[in-house]
1. I'm told Lys44 meets every condition in (1) open to solvent by 70 Å² or more (accessible area, probe 1.4 Å); (2) in a helix (DSSP H, G or I); (3) not aromatic (Phe, Trp, Tyr) except one. Can you identify the failing condition by its number?
2. Only one of Gln202, Gln156 is open to solvent by 20 Å² or more (accessible area, probe 1.4 Å), closer than 21 Å to Ala93 by Cβ and polar (S, T, N, Q); which?
3. State the number of residues belonging to the stretch 31-61 that are farther than 15 Å from Arg88 by Cα and aliphatic (A, V, I, L, M).
4. Being among the charged types (D, E, K, R), surrounded by 14 or more Cβ atoms within 10 Å (Cβ to Cβ), out of contact with any Lys or Arg (no Cβ under 8 Å at 6 or more places or on another chain) and closer than 28 Å to Gly126 by Cβ: is that true of Lys65 here?
5. May I ask you to list the residues in the stretch 175-200 that are within 19 Å of Lys153 (Cα to Cα) and either in contact with a Ser or Thr (Cβ under 9 Å, 6 or more places away or on another chain) or modelled with pLDDT under 90 (or both)?
6. I'm checking my understanding of the structure. Among residues of the stretch 19-41 that are open to solvent by less than 60 Å² (accessible area, probe 1.4 Å) and assigned to a loop (DSSP other than H, G, I, E, B), which one is nearest to Leu59 (Cα to Cα)?
7. Tell me which residues, restricted to the stretch 159-206, are under 25 Å from Glu109 (Cβ atoms) and part of a loop (DSSP other than H, G, I, E, B).
Amino acid sequence: LRTALAVEADNLEAFNTFALVYLEGSENNASRLDIAQLLIDQAKKKNDKFAPLYVTSGLLALKRKNVSMALSDFNKAIVLDPMLTEARMNVGALGISFRKYDDAKAQFEAVLKKEPKNYEAKVGLGVALRGLAAVQKDTKILDDAEKTYNDAKAMQPNAGAAYYNLGLLYANYRLVILNPDDYDGQIDAATKAVGYFTQFKQKGGPPDK
């Protein structure tokens, strides 16, 4: 990267990648964040319309626990380049964190319009729909969430996230909306949850097995 910048001092991709390199390992060395910030600032002086810089700046803000700044940077990246998938994925993830499920849904749908086989976006859309279903107490939206998870499962049968989220859907959502007197329905939902969690344990995915 240093060689690339020595040859071409205005290479924004090199600046951006260099900043990403310094974000790595910053948990053990906070000064790396300052260097990453310096690289981002230098690059913006050369061209403040380069969308990936704002994604990196947003990631840096998250490292510093400044969520509002991160969201602002990610949205600026989307304005500059509406097709920038990484920015939309990050806004969608933050939307779920803040329970802004409509916003998250829109972001993941935009990603899937560009990349129909994006597994993470498909799972993210399922989570957004599940949240909307809970807020609106709408079983139809919950059905849409389940279908979305199943679509993701078909995309990558050996990945764990879709199975895990299907388990959550049945354990924490289907059971809640069922009539407490519907004993058979309760048993069926709990059994399906157990089945999905069992499958998840056999797949790849996050370390919360």
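1. (1)
2. Values: Gln202 fails: closer than 21 Å to Ala93 by Cβ.
Only one candidate qualifies: Gln156.
3. Going through the stretch 31-61, the residues farther than 15 Å from Arg88 by Cα turn out to be 31-50, 60-61.
In the following step, the residues that additionally are aliphatic (A, V, I, L, M) were identified as 33, 35-36, 38-40, 43, 60-61.
Summing the residues that are farther than 15 Å from Arg88 by Cα and aliphatic (A, V, I, L, M) in the stretch 31-61 gives 9.
4. On the way: among the charged types (D, E, K, R): yes; surrounded by 14 or more Cβ atoms within 10 Å (Cβ to Cβ): no; out of contact with any Lys or Arg (no Cβ under 8 Å at 6 or more places or on another chain): yes; closer than 28 Å to Gly126 by Cβ: yes.
It is false that Lys65 is among the charged types (D, E, K, R), surrounded by 14 or more Cβ atoms within 10 Å (Cβ to Cβ), out of contact with any Lys or Arg (no Cβ under 8 Å at 6 or more places or on another chain) and closer than 28 Å to Gly126 by Cβ.
5. If the condition is that a residue be within 19 Å of Lys153 (Cα to Cα) and either in contact with a Ser or Thr (Cβ under 9 Å, 6 or more places away or on another chain) or modelled with pLDDT under 90 (or both), then no residue fits.
6. Ser26
7. Gly160, Gly205, Pro206
The values are calculated or read from the model by the stated rules, or taken from the named source; none is laboratory data. As the structure is a prediction and not an experimental result, all values here were calculated from the model. Here Cβ is always computed from backbone atoms with ideal geometry, including for glycine, and neighbour counts include all displayed protein chains. Heads up: the accessible areas ignore ligands, DNA and RNA and are worked out on the full protein's heavy atoms, side chains in. Shrake-Rupley method; radii C 1.70, N 1.55, O 1.52, S 1.80 Å.
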